[in-house]
1. What ranking of THR84, THR159 emerges when the number of other C-beta atoms within 10 Å of each C-beta is taken as an exposure proxy, fewest first?
2. I need the calculated FRET efficiency for the pair ARG153 and VAL34, taking r as the beta carbon distance and R₀ as 22 Å, to the nearest 0.05.
3. Mind putting a number on the dipole of the chain about its Cα centre? Charges go on the C-beta only, +1 for Lys and Arg and -1 for Asp and Glu, and I need it in Debye to the nearest 20.
4. ALA160 to ARG57: extension gain in nm, 0.36 nm per residue of separation minus the Cα-Cα distance?
5. Can you check how the C-alpha radius of gyration of the stretch 99-165 compares to 2.2 N^0.38 Å, as a plain ratio?
6. Just name one of LEU147, LEU48, LEU136: the one whose Cα is farthest towards the positive end of the charge dipole of the stretch 19-154 (beta-carbon charges, Lys/Arg +1, Asp/Glu -1).
7. Between TRP141 and GLU100, what's the calculated FRET efficiency when r is the beta-carbon distance and R0 is 35 Å? Round to 0.05.
8. Using only helices, what value at 222 nm comes out for the chain when you add -39,500 (n - 2.57) per DSSP H run of length 4 or more and divide by the total residues, to the nearest 500 deg cm²/dmol?
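Please treat every number below as a calculation from the coordinates, not as lab data. As the structure is a prediction and not an experimental result, all values here were calculated from the model. Virtual Cβ from ideal backbone geometry, glycine too; neighbours counted across all protein chains shown.
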Amino acid sequence: MDPVPDTSWPRPRTPRISARASYAAHAVLARNGVYRALASFVERHPGLERAFTRGERVSKEQLFGCRMCGQCALPATGYACPQTCPKQLRNGPCGGVSPEGRCEVHPEMTCVWVTAHERAEASGHGEDLDRLQRPLDHRRWGQSSWLDHWQGRDADLWTAPREDRPLLRRELGLTPR
């Protein structure tokens, strides 16, 4: 008898917006004094913060499949959300990704890390995948990562590129097709 798949597991998502457009939007929303002041204002008003976070959730869920982990890795993963990985791996694919790039848990779907690799490389940001993601602080789940970004609280979510010897994507199991 075939096991029944657990439908509560996240499903890999292909973003609805191109990586280039995502990087361009990120540049427009880059941390600056105006956004820092806006974030500070929003955080001083709990109702406004809830509405802002709700808007972030809806937009990022529709565009990227965001699961609102509160510590957004999108800028370092080709704007493919690693939290859509059923195993929620933040540092590359599991050992079960198929040679065709299919997800082990949902074999009909492309592994989110294959999607991340293809998007990052195609948009000239392949080196972003050399960074290691820090573990999630699950106490942040459901909170706005935009407000954290504008306030500078997300500066240590991933490592800086290694200058002595960059971590090669092939060491993470990512190879071009």
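1. Placing the least packed residue first, the sequence is THR159, THR84.
2. With a Förster radius of 22 Å, E is 0.80.
3. Approximately 420 debye in magnitude.
4. Extra length from ALA160 to ARG57 when fully extended: 34.4 nm.
5. In units of the 2.2 N^0.38 Å rule of thumb, it is 1.39.
6. LEU48
7. It comes out at approximately 0.60.
8. Estimated from H runs of four or more residues: -10000 deg cm²/dmol.
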